[in-house]
Amino acid sequence: MGNTKLMPLLNCSQYLQLKHAFSLLIVILGYTEFSIAEQPISEANQLEYFERKIRPLLSEHCYSCHSSQAKTIHGSLRLDSASSIAEGGDSGEILVAGKPDESLLIESVLYDGDIQMPPKGKLPEQEIDHLRQWIAQGAYFPPSSDEPSQTNGSIDFVEGRKHWSFQPVQQQDLPNVNSPDWPQTRIDNFLLAAMEQNELKPSLRAERATLIRRLSFDLIGLPPTREQVHNFINDDSSEAYSRLVDQLLSTPGYGEKWGRWWLDLARYTDRTASWLPQTSQAHLYRDWVVNAFNADMPYDEFVRRQLATDLMPETGPEDLPALGFLSLSPTYWKELKLPCEIIKVIVADEWEERVDAVSRTFLGLTVACARCHDHKFDPVSADDYYALAGIFASTRFAERPLISEEKYEPVRLAKEEVGKLETEIAKLKKEKPIPQGKIDELVVRIKEIKASTPFYETPLANALAEESTYVVRAGKTPQDGTRMEYRAEPRDLPSFIRGNPNRPGPVIPRRFLTVLTQEPEPYQQGSGRLELANSITTEAASLSARVIVNRIWLAHFGQGLVSTPSNFGRQGERPSHPELLDDLAARFISQGWSIKQLHREILLSAAWQQSTNSNSNVAQIDPGNRFLSHMNRRRLGFEEWRDAMLLISGSLNPSLGGPSVALDDKNNFRRTLYATINRRDMSPTFMIHDFPDPTQHSPMRSSTTTALQGLYALNGELLAEQSKQIVYRIFSESSEDDRTRITQAYWLLFSREPTERELNLGLTYIGDTKEEVYRQRWQQYVHVLLASNEFIFID
């Protein structure tokens, strides 16, 4: 029952006992139901995948024979529109949506049948995998793709700049409302006006115990203590709530909670692909992000340091870990024995990944969709894409010390000497007999060098260097393989025809996006990273402010004012409250880009303090709660769920920062933020609990309820062990009767008193039994409480 790799199993006897206890308790208490629920892939994500992976592939390999532009349409099959794909060709249906293994298209590209396509040679495995994934996800093909694509030079940028997200932000006049006593902040006026226009009323304010629990999880990712709940409930001061907000914002846990939130966007990893040199210092970027949030670093500065802190005269080597946003990017395998034409494509894919991560994270635009042709929907040209790609082609990953180069130079020389000595030791170990005495002398010498060299153990951050990358042929023929060259000067890339670096077009100077500037000027300072960062926070300030404000709003309310947080283009959703978004973004900029101030305004609003109980007419008028007439009920993320268990049991190690620890290590009691993320070998526990894919930018967490999650809660070591520890804590702190202990359990887990019915149910289950059975019943009882909906959901 269940995958043993995903869920460490108890022995048979323990399993059957726990299963029986769960079955009984779930019936008695009416707790969690576990069901399989597939999370649908949004149309925006399907569109992006098609434009970035599938359309270029079809255009490169198929359209010369299977499109309306082909001189002869082979086999009566066209692949350039949704309708033509549905019709198929002379051989019948070409694909079965959702079933790649039953699709003739996959059989053909695998060369597994009579039809083998493309005829010039089998596709690379990676491209076949892209087709498989596309079909598995439903073979989405945008309807407008029946129309001719834009060609380079056809974009009307003047018209394009009229799109709502490219307009300058400005503070808005407050709308008139019929209930002026309800608003607590400017936010509430905009929300209430929209509610009233739709015949809705806001819900009542949530109870104080609910508010502090919600607030604590939102700001620090941990539940409040019983003492904190009592103090807040009994504080009659009108400033009690705002004081609590400020208190939580000032605790180190704030940076840990929101640092993890940012790492989703930054596709953070502690360990990368096995073929790359492994660094133990990736955590320096994670810790830098945490510290930046705790210090309330202005967001514009936060952006600039992550893209170009090494080029900023006002920052020092201690800030170099900020460059992890780029230097920890996914890097693909390059077998240099292969022809350089193949390696060029792999390197171009890496540049595309960086363009995508930067443009989606900071600008909410899918610029990478313009690699092969002008963007199908947004005013972003292929030339715009290569103008940005040239910046990353002029930047090389490099490890750099957290001290000045002058101080580190003696260390560099010492490490070179140590390296030579270690090489000599390796040679001596191959001799027969092994000259152990000589080896011992060299080992002593190595220790002396390390001890006598100041700063020898200085950490090396994953950072960047101003060097451009060139892929060149190693010899005169393709069979001679490939050589990578790195040159000190920056480079401008040519525009690749159909995205193929082996078909170069005109050279495009490095610069910013045309739609966000009136006359984009070529970047002149090295790679252009600092100029790009400045463009994002000045020329594109209105857009980048809208994007980050919407992301913070999404994190607090469970839904964004714009429901496509990384796509503010024409295919993205329009804002539900455009004036509110503009008002927040304009004041965010004028108030110094302070994220903590933005938190305060959102959390102090009457809207955020509403109950999750909706009024009677909401289901008919606003079933998706777009107008926020009540608070959305939200589920804990895996990190919050695990961290809460550790805190409640008294096991949590509160230390900040430092190297990561394997998530499933039995001695790992640190916050989940510090668990090792391995980009190519993710922890199974992370995978079954909706943890984001660290190979790509993740704008928002999905939330599924699956059988594997249920089995993990039933059968996993985490809940079993933490149940024991919580019982131990309850019995250590309470020497009274079971009624008192059950009350303590409810306060620890749910921040409230149990009802009389809940008390009686608990007492009935625990019963008056022998000591060994009694303790086991208690553990099973607490285990079920940990797996209950009330513990998994914030409120």
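Where nothing but the Cβ of Lys and Arg (+1) and of Asp and Glu (-1) is charged, how large is the charge dipole of the stretch 43-146 around its Cα centre, in debye to the nearest 20?
300
Tell me, how many Å apart are the Cα centres for the stretch 560-574 and for the stretch 724-781?
47
Checking the a/c ratio against 1.5 first, then a/b against b/c, what shape does the Cα gyration tensor give for the stretch 43-146?
On the way: a/c = 1.37, a/b = 1.13, b/c = 1.22.
Judged from the Cα gyration tensor, the stretch 43-146 comes out rounded (a/c under 1.5).
Ranking request for peptides 672-682, 406-416: highest mean number of other beta-carbon atoms within 10 Å first, then the rest in descending order. Working shown, then result.
Details: 672-682: 19.3, 406-416: 13.5.
By packing density, highest mean first, the sequence is 672-682, 406-416.
With just the Cα atoms of the stretch 405-458, tell me how far they stretch along each of the three principal axes, in Å, largest first.
43, 15, 12
Residue by residue through the stretch 403-419, which ³J(HN,Hα) values in whole Hz follow from phi under the Karplus form 6.51 cos²θ - 1.76 cosθ + 1.60 (θ = phi - 60°), with glycine and proline marked x?
Each residue of the stretch 403-419 in turn: 10, 5, 4, 5, 5, 7, 4, x, 5, 4, 5, 5, 5, 5, 5, 4, x Hz.
Net charge near residue 767: determine it from the other residues with C-beta under 11 Å of the C-beta of residue 767, scoring Lys and Arg +1 and Asp and Glu -1. Before the final figure, lay out each step's value.
On the way: positive: 770, 777; negative: 738, 768.
Local net charge: 0.
Taking N as the number of residues in the stretch 511-646, what value does Rg over Cα atoms divided by 2.2 N^0.38 Å take? Each step should come with its number before you reach the end.
Details: Rg = 18.4 Å, N = 136, 2.2 N^0.38 = 14.2 Å.
Computed over Cα atoms of the stretch 511-646, the ratio equals 1.30.
Over what distance in Å are the Cα centres of the stretch 161-190 and the stretch 378-441 separated?
Result: 53 Å between the Cα centres.
Consider a paramagnetic label point 7 Å from the Cα of residue 732 along Cα→Cβ; state which residues of the stretch 212-248 have an amide N under 17 Å from it.
Under 17 Å, as judged by backbone N against the label point of residue 732, lie 226 of the stretch 212-248.
Of 443, 418, 428, which is farthest along the charge dipole of the stretch 405-458 in the positive direction, counting Lys and Arg as +1 and Asp and Glu as -1 at C-beta?
428
Report, for the chain, the % of DSSP beta bridges that are antiparallel, rounded to 5.
On the way: 17 of 20 bridges.
Given both bridge residues lie in the chain, the antiparallel proportion sits at roughly 85 percent.
Round to a whole angstrom and tell me the spacing of the C-alpha centers of the stretch 452-527 and the stretch 579-605.
Comparing the Cα centres of the stretch 452-527 and the stretch 579-605, I get a distance of 37 Å.
List the pairs from 415/447; 420/447; 337/415; 53/337; 120/376; 120/337 whose alpha-carbon separation is above 20 Å, in the order I gave them.
Violating the 20 Å limit, Cα to Cα: 337/415; 53/337; 120/376; 120/337.
Please state the relative contact order of the stretch 577-702 as a whole percent: Cα pairs under 8 Å, 6+ residues apart?
14
Divide by every residue of the chain the summed helix terms, -39500 (n - 2.57) for each DSSP H run of at least 4, and state the resulting mean residue ellipticity at 222 nm, rounded to the nearest 500 deg cm²/dmol. If you can, show how the numbers build up before the last one.
On the way: 32 runs with 356 residues, N = 795.
Computed ellipticity for the chain at 222 nm equals -13500 deg cm²/dmol.
How high is the relative contact order of the stretch 405-458? Use alpha-carbon pairs under 8 Å, at least six apart in sequence, and give a whole percent.
Details: 21 pairs, mean separation 28.3, N = 54.
Dividing the mean separation by the residue count of the stretch 405-458 yields 52 percent.
Using the Cα centre as the reference, give the magnitude of the dipole from point charges on the C-beta atoms of the chain (Lys, Arg: +1; Asp, Glu: -1; all else neutral), rounded to the nearest 20 debye. Let's see the in-between values first.
On the way: 86 positive and 107 negative charges, 301 e Å.
It works out to roughly 1440 debye.
Is the stretch 698-795 rounded, prolate or oblate when judged by the Cα gyration tensor, a ≥ b ≥ c being the square roots of its eigenvalues, rounded requiring a/c under 1.5 and prolate requiring a/b larger than b/c? Present the calculation step by step, with values, prior to reporting the outcome.
Numbers: a/c = 2.17, a/b = 1.66, b/c = 1.31.
Because a/c hits 1.5 or more and a/b exceeds b/c, the stretch 698-795 counts as prolate.
What is the local net charge at residue 174, summed over the other residues whose Cβ is closer than 9 Å to its Cβ (Lys, Arg +1; Asp, Glu -1)? Present the calculation step by step, with values, prior to reporting the outcome.
Working: positive: 186; negative: 173, 583.
Net local charge, residue 174 excluded: -1.
Throughout, read-outs are computed from the coordinates displayed, never taken from laboratory work. Just so you know, these numbers come straight off a predicted model, no measurement behind them. Please note: Cβ atoms are built from the backbone with ideal geometry, for glycine as well, and neighbour counts cover all protein chains shown.
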